[in-house]
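Encoded as structure tokens, the structure appears first; notes follow it.
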Amino acid sequence: MSDKVVKRPTVLVIEDNVLNSGLVTDLLEVNGIEVRCAETAEAGIRLAHEINPDLVLMDINLPGLDGFGATKILKSDPATRHLKVVGLTAHAMNGDAETALDGGFDGYLTKPFDTRTFAARVKSFIASDGK
Ligand code: MN
């Protein structure tokens with residue numbers, strides 16, 4: 001194998017708002033990160049099994065099964081429990097971070113995203129060892 005072939009990190013975005021997932025895709029791809037998107041928890045869980053991403057960005061408010069439920073499923077399945085899952089929270093409310101971490105997330109990012117720092121924050125989550 002050539003050492004010039006470096007696998008790009010892959011991020012799975014589970015987000016029902018396509019404007020948000022489109023923005024995230026743009027911000028990450030320009031920084032060399034491969035992005036795959038799913039619009040529902042169920043589709044996202046399937047994709048997580050298929051692609052074994054380096055990081056999952058999980059919207060909390062999803063139609064049907066929400067981000068907490070989807071994360072619980074990922075974290076209780078031996079095939080996916082190693083995945084780092086970062087919650088995407090809609091409001092910077094008091095206690096949101098604690099709620100996200102209590103909910104099994106490895107971290108959280110608050111919407112709307114700061115487009116200047118978003119990719120760097122995602123990269124630091126990818127590089128971290130998780131909880
Ligand atoms: Mn949503």
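Taking L47 as meeting all but one of (1) more than 19 Å from H82 (Cα to Cα); (2) more than 10 Å from the chain's Cα centre (by Cα); (3) surrounded by 15 or more Cβ atoms within 10 Å (Cβ to Cβ); (4) in contact (Cβ under 8 Å) with a residue 24 or more places away in the chain, write down the number of the exception.
Just one mismatch for L47, condition (1).
Here are some residues: K7, K84. Which one is under 13 Å from the mean Cα position of the chain (by Cα) and of a type in the set (D, E, K, R)?
The match here is K84.
Does any residue in segment 75-87 that is crowded, with 16+ Cβ neighbours inside 10 Å come within less than 7 Å, Cβ to Cβ, of a residue that is among the hydroxyl-bearing types (S, T, Y) and at pLDDT below 95 six or more places away or on a different chain, and which pairs are these?
From residues that are crowded, with 16+ Cβ neighbours inside 10 Å, the pairs are V86/Y108; G87/Y108.
Is it true that some residue in segment 53-61 is at pLDDT below 95, more than 19 Å from F125 (Cβ to Cβ) and either surrounded by 18 or more Cβ atoms within 10 Å (Cβ to Cβ) or over 12 Å from the mean Cα position of the chain (by Cα) (or both)?
yes
The values are calculated or read from the model by the stated rules, or taken from the named source; none is laboratory data. Just so it is clear, the model here is predicted, and its values are computed rather than measured. FYI the Cβ positions are ideal-geometry reconstructions off the backbone, even for glycines, and counts take in every protein chain you see.
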